[in-house]
1. Every residue in the range 206-238 that is over 19 Å from residue 174 (Cβ atoms), buried (at least 17 other Cβ atoms within 10 Å of the Cβ) and in contact with a strand residue (DSSP E or B) (Cβ under 8 Å, 6 or more places away or on another chain), please.
2. Take the residues of the range 4-48 that are under 10 Å from residue 64 (Cβ atoms) and without any contact (Cβ under 8 Å) to a residue 60 or more places away in the chain: which is surrounded by the most Cβ atoms within 10 Å (Cβ to Cβ)?
3. For the range 159-195, what are the residues that are assigned to a loop (DSSP other than H, G, I, E, B), surrounded by fewer than 13 Cβ atoms within 10 Å (Cβ to Cβ) and modelled with pLDDT of 95 or more?
4. Can you name the residue in the range 255-273 that is in contact with a helix residue (DSSP H, G or I) (Cβ under 6 Å, 6 or more places away or on another chain) and not in a helix (DSSP H, G or I) and, of all such residues, is surrounded by the most Cβ atoms within 10 Å (Cβ to Cβ)?
5. Specify which of the listed residues (39, 34) is in contact with a helix residue (DSSP H, G or I) (Cβ under 7 Å, 6 or more places away or on another chain), under 19 Å from residue 255 (Cα atoms) and not in a strand (DSSP E or B).
6. Going through the range 97-125 one residue at a time, which ones are surrounded by fewer than 21 Cβ atoms within 10 Å (Cβ to Cβ) and either part of a loop (DSSP other than H, G, I, E, B) or in contact with a strand residue (DSSP E or B) (Cβ under 6 Å, 6 or more places away or on another chain) (or both)?
7. Look at the range 58-91 and say how many of its residues are touching a residue at least 40 places away in the same chain (Cβ under 8 Å) and assigned to a strand (DSSP E or B).
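The values are calculated or read from the model by the stated rules, or taken from the named source; none is laboratory data. All values reported here derive from a predicted model rather than from experimental measurement. Here the Cβ is made from the backbone with ideal geometry for all residues, glycine too, and neighbour counts use every protein chain on show.
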């Protein structure tokens, strides 16, 4: 696929991946979950990514416009679940994503999300959406490939140059646990931030001030991608509702729904999100 002339409503930048889980394979990656989430919420989506011929691009929602940077490999993770939680091993990595790969017209997109998984996204891309609201999901800038490909935490190098352009920052408490002091600085550098906490909900930061976001009820099947769904929903719904608390509530509902089915099967469309959000409000008396 190639970039057309229409400006997308949302541009996602990051590797789509092949995730090996429980003896099988499925598509994954933060950019994949971001694209699926935005498309199901009714947005026109542009995706800047890199993969080889082995990736099932037809598994992306119809209408997602893809700019694929050619690569001999598709980023591939082995995903295992153990007593200490989820563990990742990087088996293969696709090509880097740089500013030159972003179609000129896409720079006018009203929404964008940078979501690296293997340090593949050039941080300079944060400056390339001057007319839009930008969300950052930095997990892939906070990882290194250790022995035998095992993913280990790594300090985010020079986050200031990225965060100065961002409206939203979304990280998990797992991401921030090794770097608590740095994380406190990050959330103060952006207008809106969220630290997701799984079954315990999330912490929303508005101009650095923390607020608890109650979790939505969920029967967890698969937590993969929930943070990416949360981040994309928060970005989209803040534009839609102009209220950070409502955006965070919608994101909590979307993230909870996403864990109730494998992969991206649980990602909600717009009517389902509105129904779930109404029930969430009813249970909380507001």
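1. 235, 236, 238
2. Checked the range 4-48; the qualifying residue surrounded by the most Cβ atoms within 10 Å (Cβ to Cβ) is 35.
3. Across the range 159-195, the qualifying residue is only 164.
4. 267
5. Being in contact with a helix residue (DSSP H, G or I) (Cβ under 7 Å, 6 or more places away or on another chain), under 19 Å from residue 255 (Cα atoms) and not in a strand (DSSP E or B) holds for just one of 39, 34, which is 34.
6. 98, 101, 103, 110, 119, 122
7. 15
Residue-wise test of (1) farther than 18 Å from residue 272 by Cβ; (2) touching a helix residue (DSSP H, G or I) at 6+ places or on another chain (Cβ under 7 Å); (3) part of a loop (DSSP other than H, G, I, E, B); (4) modelled with pLDDT under 95.
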| site | (1), (2), (3), (4) |
| --- | --- |
| 218 | no, yes, yes, yes |
| 221 | no, no, yes, yes |
| 224 | yes, no, yes, yes |
| 233 | no, yes, no, no |
| 239 | yes, no, no, no |
| 245 | yes, no, no, no |
| 250 | no, yes, no, no |
